[in-house]
Amino acid sequence: MNTTVASGDGRAPVRRVAPFPSLRAWLRHLAATDRLLAIRDGVALEHELAAIAKHFDGRKATLFRHPGGHPMPVVSGLMSNRGWIAEAMGVPPDRLLAAYRDAVDHPLAWREVAPADAPCRQVTIDFAAGSADLRKLLPVPVHSEHDSGPYITAGLVIARNPATGVQNVSINRIQVTGPDRLGVLLLPRHLHAFFHAAEEAGKPLDVAIVIGVDPLTALASQAILPIDCDELTIAGALHGEALDVVRCVKHDVRVPAHAEIVVEGRILPGVRAPEGPFGEFPKYYSAREDREVIEVLAVTMREGAIYHTIVPAEMEHLLLGAIGREATLLAHLQRSFPNVTDVHLSKGGTCRYHLYVQMRKTREGQPKNVIMGAFAGHYDVKHVVVVDEDVDVHDPDEVEWAVATRFQADRDLVVVAGAQGSALDPSTTLGYPDNRPPPQMQGLGAKMGLDATKPLVSSAQVFTRVRIPGEDAVDPDDVVAASGEAALAGTSLA
Ligand code: MN
């Protein structure tokens, strides 16, 4: 499907081709381009699968055909590279944020299909009979060393707002705690609001956990949107055509029809049970606490279903969250500062905490305004570095060089004490007994911004970047005459 994306920066629009409507189509593409590895049989679901997937994360996707002797295959690392995500979207990497933003600005309503036309409804397992066991049905891996058990990490949780009926999609970590019981972490966002509204009315909240979707539907689930904006409509926009959805067997939630596996259930009112510890995106564990509980009602799947797991804190996990955040932060900043040209959430900052902003400064002081705007853009943003247009925000060496040579701490540093940040940042727990802040203090921390732009006016050559005429035009094929021992021919060393 072709769509045209306005570039938003005066450059020519991009014609986009998004040809991967399902997980299977994307897997076939990865296989055809030598980016999918089949891993030998006999790999354990506990730790071993995740260790192998982590080893290849960012370089190859991995396919485990019978992990732990389970008949259902597991795949991982399907979107662990920025270039691959751009490819799935049908744009060059430098158009990725513009294309994502264009989709967010132009949502496309989904199209409901009959169950007979929905691949995810080919097989149905009803849990009402009492004999079904999710732990046997799905090959759910145990990932990190201190995780409390198997976790569904690539489950898109879909629920309807009890007040409006509009759906929401989010990826929540889900612990498999019993044959039909799951523990779930609800951060204070949309799903959390839906459940608390249902719970106050004494009702459960119907949910579907969708495992094994195409890359763009997974990416759309991470869009930063207002409540009552259905992330599946962003998936449609990213695809360039309406997403096919089907009604669940047990309730009214609509799920992507091409999904591999759908776990239908409901979050139980008035019930909490221990969940965690679990190794999270900052590469630390989040503590065991009493959290919400899902009762499983049914599982539907494709014939020969494929299970997808995301290795926590690795690139697939970090990038899925980063793209939507970067697109949102860029749009947010450009509303006030049209001279902001690019943003990047760096890998070293776990793609959440460190924001690099590139801008075309026209007046002194603007970078500090941009820093304050960035803090307001998302509470996870902790440290901001603003650089000039000649500095590549996607290259951490370039950003460090700008800090080293264009920044003076007594003039160019902004510190804000006592702001809301990420509750998963362990440094926010310092000073509390047992490092456990009370709920109202969780995530409280400092923000820091660095203006690493050079002055607009300075003496000649003080801030002139060293370059060598012709350095960007060197063609190795043209200039290399010989290499290795042959390189010495014609010299006294021959
Ligand atoms: Mn939402």
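A few points about this structure:
- For the chain, the share of DSSP beta bridges that are antiparallel, to the nearest 5, is 75%.
- Cα centroid separation, region 70-126 to region 232-286: 13 Å.
- 0 to 90° range, to nearest 10: angle between helix 96-105 axis and the chain longest Cα axis: 50
- Only Lys, Arg (+1) and Asp, Glu (-1) charged, at Cβ; region 150-283 dipole about Cα centre in debye: 360
- Projecting the Cα positions of I323, Q334, P396 onto the charge dipole of region 316-451 (unit charges on Cβ atoms of Lys, Arg, Asp and Glu, taken about the Cα centre) puts Q334 furthest along the positive direction.
- Taking the convex hull of the alpha carbon positions in region 376-494 and averaging its projected area over all directions gives 14.9 nm².
- With respect to the chain, whose longest principal axis is taken over its alpha-carbon atoms, helix 190-200 is tilted by about 30°.
- Rounded to the nearest 20, the size of the Cβ-charge dipole of the chain about its Cα centre is 660 debye, with Lys and Arg at +1 and Asp and Glu at -1.
- C-alpha center-to-center spacing [region 295-310, region 180-200] in angstrom: 21
- When the Cα positions of L36, Q461, V169 are compared along the charge dipole of the chain, V169 comes out farthest toward the positive end, with charges on each C-beta of Lys, Arg, Asp and Glu.
- Dmax and Rg, reported as Rg then Dmax, of region 27-134 (C-alpha, Å): 18.3, 52
- Of every Cα-Cα pair in region 64-186, the percent that sits beyond 18 Å: 72
- Calculated P(r) of region 316-451 - Cα pairs past 24 Å, %: 29
- Cα-based helix-to-principal-axis angle, 366-377 vs the chain, degrees rounded to 10: 10
- Considering the chain at the alpha-carbon level, its Rg and Dmax are found to be 24.5, 90 Å.
- Of the peptides 475-483, 182-190, 236-244, the ranking by mean beta-carbon count within 10 Å, highest at the top, reads 236-244, 182-190, 475-483.
- Building the convex hull from the alpha-carbon atoms of region 306-376 and averaging its projection over directions returns 5.5 nm².
- Fewest-first sequence of E364, E46 by Cβ atoms within 10 Å of each Cβ: E364, E46
- Neighbour-count order for S336, S492, S76, fewest beta carbons within 10 angstrom listed first: S492, S336, S76
- 222 nm mean residue ellipticity, helices alone, for the chain (DSSP H n ≥ 4; -39,500 (n - 2.57); rounded to 500): -7000 deg cm²/dmol
Values in this text are rule-based calculations from the coordinates and carry no lab data. Quick caveat: nothing in here was measured; it's all calculated off a predicted structure. Note that we place each Cβ from the backbone using ideal geometry, even for glycine, and neighbour counts take in every protein chain shown.
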